[in-house]
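Everything on this sheet refers to the single structure shown next.
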Amino acid sequence: RFKDLKAEKRPWTVTWQDIGEYVRIRRQNFTSTTTEGEILTERIFDTTAIFALRAMSAALLGALLPSIERSIKITAPDSLEKETDATKKYFEKVTAKLAELMGARETGLSSALDEYMLDAGSFGWGGVTLIDDKEDAEFPVKYSNWDPKHTFIDEDTTGFINTVYYCKNMKVLDVKNT
């Protein structure tokens with residue numbers, strides 16, 4: 001199935017390469033590769049699209065998630081017959097801790113969402129993934145952006161995404177530890 005997904009995606013790569021070269025400069029290696037130190041902006045004469053993409057990303061993120069503390073709330077499940085003051089305080093504490101973790105720079109949520117929105121605005125889609133970091137006791141959850149070049153999405157007959165492939169280069173030791 002992965003080969004079929006790569007084939008379905010192939011017609012888009014030339015278009016995405018052009019978008020990368022003129023709008024999303026850090027994401028332009030769809031059909032070619034760049035070398036270290038290469039000037040990637042030599043063909044750009046007008047930066048309107050670049051700045052418009054940044055403005056759109058900032059506006060949408062600001063509207064969708066103005067404040068993590070005000071945007072999320074963990075509550076007791078409906079199956080809990082009676083909510084006591086103790087359970088209410090517990091869920092308030094859980095909400096505060098989650099907001100603290102999500103807002104921490106070390107988790108990468110802010111940059112992952114920014115990259116996601118820039119990808120969605122330029123290529124039409126993007127993704128954010130949750131990474132379980134068992135070795136970091138203070139920040140056990142990290143967020144990362146999955147860019148369109150390395151992500152392959154499979155849908156069922158109703159359009160529901162049921163499988164996501166993400167291709168990346170890994171060292172043998174990293175593969176062993178996953």
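The values are calculated or read from the model by the stated rules, or taken from the named source; none is laboratory data. If you're wondering where the values come from, they're calculated on a predicted model, not measured in any experiment. Virtual Cβ from ideal backbone geometry, glycine too; neighbours counted across all protein chains shown. Ligands, DNA and RNA are stripped out before the accessible areas are found, and what is left, the full protein with its side chains, is counted by its heavy atoms. Shrake-Rupley method; radii C 1.70, N 1.55, O 1.52, S 1.80 Å.
The table that follows gives values for the structure above.
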| read-out | value |
| --- | --- |
| Modelled FRET efficiency - R0 22 Å, residue 129 with residue 173, Cβ distances, 0.05 increments | 0.55 |
| DSSP-loop GluC sites (Glu not before Pro) across segment 1-102, with at most 16 other Cβ within 10 angstrom | 36, 38, 42, 81, 83 |
| Between segment 35-102 and segment 122-170, the alpha-carbon center distance in angstrom | 16 |
| Accessible heavy-atom area order of 149, 168, highest first, probe of 1.4 Å | 168, 149 |
| Charge tally in the Cβ shell below 15 Å around residue 47, where Lys, Arg are +1 and Asp, Glu are -1, residue 47 excluded | +1 |
| Whichever lysines have a C-alpha closer than 27 Å to that of residue 97, once near sequence neighbours (fewer than 8 apart) are set aside | 73, 82, 88, 89, 134, 142 |
| Interchain or long-range residues, amide H under 5 Å from residue 141's placed H | 133 |
| Positive-end residue of 32, 166, 123, charge dipole of the chain with Cβ unit charges | 32 |
| Accessible area of residue 90 in the full protein assembly, 1.4 Å probe (Å², nearest 10) | 130 |
| The chain, helix-only ellipticity at 222 nm - DSSP H runs n ≥ 4, -39,500 (n - 2.57), divided by all residues, nearest 500 | -15000 deg cm²/dmol |
| For the chain, built as a Gaussian network whose Cα springs stay under 10 Å, the top-fluctuating residue of 113, 101, 65 | 65 |
| Low-density loop positions, trypsin sites (Lys or Arg not before Pro), segment 29-74 - DSSP coil, at most 14 other Cβ in 10 Å | 43, 73 |
| Charge tally in the Cβ shell below 10 Å around residue 146, where Lys, Arg are +1 and Asp, Glu are -1, residue 146 excluded | -1 |
| Cα point-scatterer Debye curve for segment 1-96, base-10 log of I(q)/I(0) at q = 0.17, 0.21 Å⁻¹ | -0.87, -1.07 |
| Once the Cα gyration tensor of the chain is diagonalised, semi-axes √(5λ) in Å | 36, 21, 18 |
| Heavy-atom accessible area ranking, 1.4 Å probe, most first, across 2, 91, 51 | 51, 2, 91 |
| Accessible-area value, residue 122, 1.4 Å probe, nucleic acids and ligands omitted, Å² | 20 |
| GNM result for the chain, Cα springs below 10 Å: residue of 103, 121, 159 fluctuating most strongly | 159 |
| Inter-site label distance for residue 114 and residue 85 at 7 Å from Cα along Cβ, in nm | 4.3 |
| For residue 108, net neighbour charge (Lys/Arg +1, Asp/Glu -1) across residues whose Cβ lies under 12 Å away | -3 |
| Size of charge dipole - segment 72-178 - debye, nearest 20, with Cβ of Lys, Arg +1 and Asp, Glu -1, no other charges | 220 |
| Rounded tilt (10° steps) of 85-103 against the dominant C-alpha axis of the chain | 20 |
| GNM result for the chain, Cα springs below 10 Å: residue of 133, 85, 46 fluctuating most strongly | 85 |
